[in-house]
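In what follows, a structure is listed as structure tokens, so that the remarks can point back to it.
The values are calculated or read from the model by the stated rules, or taken from the named source; none is laboratory data. Computed from a prediction, not measured in an experiment: that's the story for all the values here. Methodologically, a virtual Cβ is constructed for each residue, glycine included, from the backbone with ideal geometry; neighbour enumeration extends over all protein chains shown.
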Amino acid sequence: MNAASRVNQIDETTPVPCTDDVGGLACALANASPTEIIAEAQRAVGPGKLCVVSSFGTESAVLLAYMAEVDPSIPVIFLDTGWLFEETLAYRDTITAQLKLTDVRSIQPDPMRLAALDAERDLWFSSPDTCCLIRKVEPLARSLGGFEGWLNGRKRYQGGLRASIPIVERDGSRLKFNPLANLDRADVEEAHKRFALPDHPLIASGFSSVGCMPCTSRAAKGDGERAGRWQGQAKTECGIHTLLSTL
Ligand code: SF4
């Protein structure tokens, strides 16, 4: 066997090392199912110390359905930014009722911060990062007080900064679990059907990813998963996955 073929053999048979800064937990869960990851997350952080953060967007229901299989009383943090579509608020209520979620918490921004920085409600245009900071990141930081870990629904196939997320990572003093990281789009669609989940109402209107009204557009067919968010800007994330631990 020559050197080139040895290299090829190693490339094909050596598992890609997983990223793990949580004492082996991320690698131990590297191939676990979403429900196994959620159950282990509860065990790892302790009773009452785990929550899920959900936008009740177009793909949110799948994570919530897996979570409800494990424990429908896990608190759900929903960031009601003041700029959400009515359809998203209605979808929150529909999914909450269908999955029998017992602790959905709708969190609003601090009115003092809004009055000081966004009295004209145009901050999304002049400084979207500051707008996301006061409408999403700061309220989430406050609402995570008392929790030791949180679940979220990011998938690697969504690309960008999400393409290499581990199953578990550190987020400041907390653990952040990504139970759907391994799933591909077909897995998510299959789970959506199997749980008999309704679609977000705006999917029928051509939206693939739904956030705040001013920063959400219809994406062209074939564009990336999150192409309709902050269209035309370099911004791809609101900051809850990139800035939270810095507050
Ligand atoms: S997504 Fe847009 S409107 Fe919503 S908080 Fe961020 S900048 Fe503001």
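You will find that of 94, 88, 130, 81, the residue that is away from the ligand (no atom under 16 Å from the Cβ) and hydroxyl-bearing (Ser, Thr, Tyr) is 94 and no other.
Could you please let me know if residue 89 is surrounded by 20 or more Cβ atoms within 10 Å (Cβ to Cβ) and outside any strand (DSSP E or B)? Criteria not met by residue 89.
Restricting 145, 160 to residues that are within 16 Å of the ligand (Cβ to nearest atom) and either touching a His at 6+ places or on another chain (Cβ under 7 Å) or over 22 Å from residue 84 (Cα atoms) (or both) narrows the list to 160. Annotation: of all residues in the stretch 188-223 being of a type in the set (A, V, I, L, M), buried (at least 16 other Cβ atoms within 10 Å of the Cβ) and within 16 Å of the ligand (Cβ to nearest atom), the one that is farthest from residue 41 (Cα to Cα) is 219.
Candidates in the stretch 49-78 are the residues that are of a type in the set (A, V, I, L, M) and within 16 Å of the ligand (Cβ to nearest atom); of these, the one that is nearest to residue 149 (Cα to Cα) is 53. The criterion of at least 2 residues that are surrounded by 18 or more Cβ atoms within 10 Å (Cβ to Cβ) and out of contact with any Gly (no Cβ under 9 Å at 6 or more places or on another chain) is met by the following strands (runs of 3 or more DSSP E) wholly inside the stretch 126-187: 149-151. Inspection of the stretch 98-111 finds a residue satisfying the criterion of being of a type in the set (D, E, K, R), away from the ligand (no atom under 12 Å from the Cβ), out of contact with any Cys (no Cβ under 9 Å at 6 or more places or on another chain) and modelled with pLDDT of 95 or more. Screening residue 107 with (1) in contact with a Leu (Cβ under 7 Å, 6 or more places away or on another chain); (2) under 25 Å from residue 36 (Cα atoms) gives one miss only, at (2). Selection over the stretch 102-136 of residues that are within 16 Å of residue 211 (Cβ to Cβ) and of a type in the set (Asp, Glu) gives a count of 1. For the stretch 71-80, the count of residues that are under 28 Å from residue 198 (Cβ atoms) and in a helix (DSSP H, G or I) is zero.
Determine if the stretch 147-157 includes at least one residue that is over 14 Å from the mean Cα position of the chain (by Cα) and either farther than 29 Å from residue 117 by Cα or modelled with pLDDT of 95 or more (or both). Yes, some residue in the stretch 147-157 is over 14 Å from the mean Cα position of the chain (by Cα) and either farther than 29 Å from residue 117 by Cα or modelled with pLDDT of 95 or more (or both).
Condition first: under 17 Å from the mean Cα position of the chain (by Cα) and closer than 24 Å to residue 231 by Cβ. Can you find one or more residues in the stretch 168-177 that meet it? No, there is no match, as no residue in the stretch 168-177 is under 17 Å from the mean Cα position of the chain (by Cα) and closer than 24 Å to residue 231 by Cβ. Quick check on residue 52: is it at pLDDT 95 or above and assigned to a strand (DSSP E or B)? So residue 52 passes the test. Screening the stretch 30-47 for residues that are at pLDDT 95 or above and outside any helix (DSSP H, G or I) and picking the one that is surrounded by the most Cβ atoms within 10 Å (Cβ to Cβ) gives 32.
Per this entry, residue 138 is not counted among residues that are closer than 22 Å to residue 81 by Cβ, free of Cβ contacts under 8 Å to residues at least 12 places away in the same chain, within 16 Å of the ligand (Cβ to nearest atom) and not hydroxyl-bearing (Ser, Thr, Tyr). Looking only at the stretch 114-125, residues that are away from the ligand (no atom under 12 Å from the Cβ) and either part of a helix (DSSP H, G or I) or modelled with pLDDT under 95 (or both) come to 2 in all.
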